[in-house]
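Trainee: So that we are looking at the same thing, I have put the structure below in structure tokens.
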Amino acid sequence: MPAKKKFRPVVEEAPQSRSPVRGRGASWSPANRFEKLHIDVTDIEVVDEEPDAEERPRRGTQYFRDGSRSIITRNSSPDVGFETSLNPYRGCEHGCIYCYARPTHEYLGFSAGLDFESKIMVKTNAPALLRAELESQGWQPQTLVMSGVTDPYQPIERKLHITRSCLEVLAKFRNPVAIITKNRLVTRDIDLLCELTKYNAVAVNVSVTSLDPNLQRVLEPRTSSPQARLDAIKQLSSAGIPTGVMVAPVIPGLTDHEIPRILDACGKAGAQFAGYTIVRLPWAVAPLFEHWLEEHFPDRKEKVLQRIRHLRGDRLNNSQWHTRMTGEGIFAEQISSLFRIGCRRAGIRSRPNLSTAAFRRAKEQLRLL
């Protein structure tokens, strides 16, 4: 077994926060592992003239224009299940405390903590970039996943419509897309999804981590409620759109017991297929998650962390391919068995294979006229 690795920030520190931040998953900003200077703006002694005051400054959301020159991201991981993805946003206001994508914000000079969910990079030119890349002869038609990192239907999408504009491009080219989201806002785009359905070119995965609204509010603070996600599944499936559920991530000792109920509820709502992953805690996500447990579930903290270590070779994270999504050991086997039996009882089948047969380029359409 390779040597154990532990997240060690450049600046050693303990969490400065004294209580959860309303409407946020993280309550502090750990040091960026690439930066030598770090100031946590949630530290009351730094930002507040009266450190003993009960009210803490609330972190509002800021949006920044992203200057990316390409929009399609590629990966070569053997256990991801797709090669190309499209992310209209970097950072995610949903604020899921466990999000494995949090450390990606460190490459932008931000923190994986509060910065990740309050400083959002917006790719306003995403539709134009996508159109250019699909039009290129170098593009080999294949399924695009939206999104592979952050949610394409996070709150600001209601106003900016970047994801919808990208779907309009995909519908024009008839390029297949698989969507993953925790937001009922996806139902806004049923018209475009129905158009892609005609060519077997779309599948929607609604992520359901827990059916407990009290847990959801602190675990995934700005996502749609569990009931709203079930409603989204019902609306999408009723419209004839291939719709499934991602029971993800499964958090042992906290949400694993809900797997059968989630699958049953989603199956009754119309989910046709399902998948699951085990919680991953890379880099700064581990201390963020540990601190979150201390804030919200101190009585379960050690049980949850011990279960995760049991799944991850006696560590909180193991990025080894082929096991990082499912874990290993007896608890991983139990979760896998719960999932298989739950799918069978709920009548849930395997994911559909999307087709590129109808793909077309605009220039090719013009030649036919």
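Trainee: Return only the number of the condition from (1) out of contact with any Asp or Glu (no Cβ under 8 Å at 6 or more places or on another chain); (2) of a type in the set (Asp, Glu); (3) over 14 Å from Arg184 (Cβ atoms) that Glu220 does not satisfy.
Mentor: For Glu220, the exception is condition (3).
Trainee: Scan Leu288, Leu316 and give me the residue that is surrounded by 19 or more Cβ atoms within 10 Å (Cβ to Cβ), farther than 20 Å from Val80 by Cβ and in contact with a Pro (Cβ under 8 Å, 6 or more places away or on another chain).
Mentor: Leu288
Trainee: Which of the residues that make up segment 326-349 are in a loop (DSSP other than H, G, I, E, B), more than 18 Å from Pro249 (Cα to Cα) and either aliphatic (A, V, I, L, M) or under 21 Å from the mean Cα position of the chain (by Cα) (or both)? If you could, list the steps in order and put the result at the bottom.
Mentor: Our first condition is that a residue be in a loop (DSSP other than H, G, I, E, B); within segment 326-349, this holds for 326-329, 347-348.
Adding the requirement that they be more than 18 Å from Pro249 (Cα to Cα) leaves 347-348.
The one that is in a loop (DSSP other than H, G, I, E, B), more than 18 Å from Pro249 (Cα to Cα) and either aliphatic (A, V, I, L, M) or under 21 Å from the mean Cα position of the chain (by Cα) (or both): Ile348.
Trainee: What is the residue count in segment 140-156 for residues that are under 18 Å from Gly91 (Cα atoms) and out of contact with any Leu (no Cβ under 6 Å at 6 or more places or on another chain)?
Mentor: Adding up the residues that qualify gives 10.
Trainee: Can you tell me how many residues within segment 107-130 are outside any loop (DSSP other than H, G, I, E, B) and either of a type in the set (Ser, Thr, Tyr) or touching a residue at least 60 places away in the same chain (Cβ under 8 Å) (or both)? So that I can check it myself, show each step before the final result.
Mentor: Initially, segment 107-130 is screened for residues outside any loop (DSSP other than H, G, I, E, B), giving 107-108, 114-122, 126-130.
In the following step, the residues that additionally are either of a type in the set (Ser, Thr, Tyr) or touching a residue at least 60 places away in the same chain (Cβ under 8 Å) (or both) were identified as 107, 114-118, 129.
Of the residues in that region, 7 qualify.
Trainee: Sticking with this one: Say whether the condition of being in contact (Cβ under 8 Å) with a residue 24 or more places away in the chain and not in a helix (DSSP H, G or I) is met by at least one residue in segment 159-171.
Mentor: Scanning segment 159-171, I find no residue that is in contact (Cβ under 8 Å) with a residue 24 or more places away in the chain and not in a helix (DSSP H, G or I), so the answer is no.
Trainee: (1) open to solvent by less than 20 Å² (accessible area, probe 1.4 Å); (2) part of a helix (DSSP H, G or I); (3) under 16 Å from Asn87 (Cβ atoms); (4) of a type outside the set (Ser, Thr, Tyr): which one isn't true of Val145, the others all being true?
Mentor: Tallying (1) open to solvent by less than 20 Å² (accessible area, probe 1.4 Å); (2) part of a helix (DSSP H, G or I); (3) under 16 Å from Asn87 (Cβ atoms); (4) of a type outside the set (Ser, Thr, Tyr), Val145 fails exactly one: (2).
Trainee: Could you check how many residues of segment 58-77 are under 15 Å from Trp28 (Cα atoms) and either modelled with pLDDT under 50 or open to solvent by 80 Å² or more (accessible area, probe 1.4 Å) (or both)? Full working, then the answer.
Mentor: First, the residues of segment 58-77 that are under 15 Å from Trp28 (Cα atoms): 58-61.
Restricting the remaining residues to those that are either modelled with pLDDT under 50 or open to solvent by 80 Å² or more (accessible area, probe 1.4 Å) (or both) gives 58.
Counting residues in segment 58-77 that are under 15 Å from Trp28 (Cα atoms) and either modelled with pLDDT under 50 or open to solvent by 80 Å² or more (accessible area, probe 1.4 Å) (or both) gives 1.
Trainee: Let me ask something else. Does Gly253 satisfy the criteria of being of a type outside the set (Val, Ile, Thr) and in contact with a Lys or Arg (Cβ under 8 Å, 6 or more places away or on another chain)? Give the steps one after another, and end with the answer.
Mentor: Details: of a type outside the set (Val, Ile, Thr): yes; in contact with a Lys or Arg (Cβ under 8 Å, 6 or more places away or on another chain): yes.
The answer is yes for Gly253.
Trainee: Does Cys96 count as open to solvent by less than 20 Å² (accessible area, probe 1.4 Å), assigned to a loop (DSSP other than H, G, I, E, B), in contact (Cβ under 8 Å) with a residue 24 or more places away in the chain and out of contact with any Phe, Trp or Tyr (no Cβ under 9 Å at 6 or more places or on another chain)? Explain how you work it out, then say what you get.
Mentor: Details: open to solvent by less than 20 Å² (accessible area, probe 1.4 Å): yes; assigned to a loop (DSSP other than H, G, I, E, B): yes; in contact (Cβ under 8 Å) with a residue 24 or more places away in the chain: yes; out of contact with any Phe, Trp or Tyr (no Cβ under 9 Å at 6 or more places or on another chain): yes.
Considered against the rule, which asks whether it is open to solvent by less than 20 Å² (accessible area, probe 1.4 Å), assigned to a loop (DSSP other than H, G, I, E, B), in contact (Cβ under 8 Å) with a residue 24 or more places away in the chain and out of contact with any Phe, Trp or Tyr (no Cβ under 9 Å at 6 or more places or on another chain), Cys96 comes out as yes.
Trainee: What residue, among those in segment 71-88 that are touching a helix residue (DSSP H, G or I) at 6+ places or on another chain (Cβ under 6 Å) and not in a strand (DSSP E or B), is farthest from Ala128 (Cα to Cα)?
Mentor: Taking segment 71-88 and keeping what is touching a helix residue (DSSP H, G or I) at 6+ places or on another chain (Cβ under 6 Å), we get 71-72, 88.
If we keep only those that are not in a strand (DSSP E or B) too, we end up with 71, 88.
Details: Ile71: 9, Pro88: 12 Å.
The residue in question is Pro88.
The values are calculated or read from the model by the stated rules, or taken from the named source; none is laboratory data. For clarity, every value in this text was computed on a predicted model and none was experimentally measured. So basically every Cβ, Gly included, is an ideal-geometry build from the backbone, and we count neighbours across all protein chains shown. What goes into the accessible areas is simple: the full protein's heavy atoms, side chains included, and nothing from ligands, DNA or RNA. Shrake-Rupley method; radii C 1.70, N 1.55, O 1.52, S 1.80 Å.
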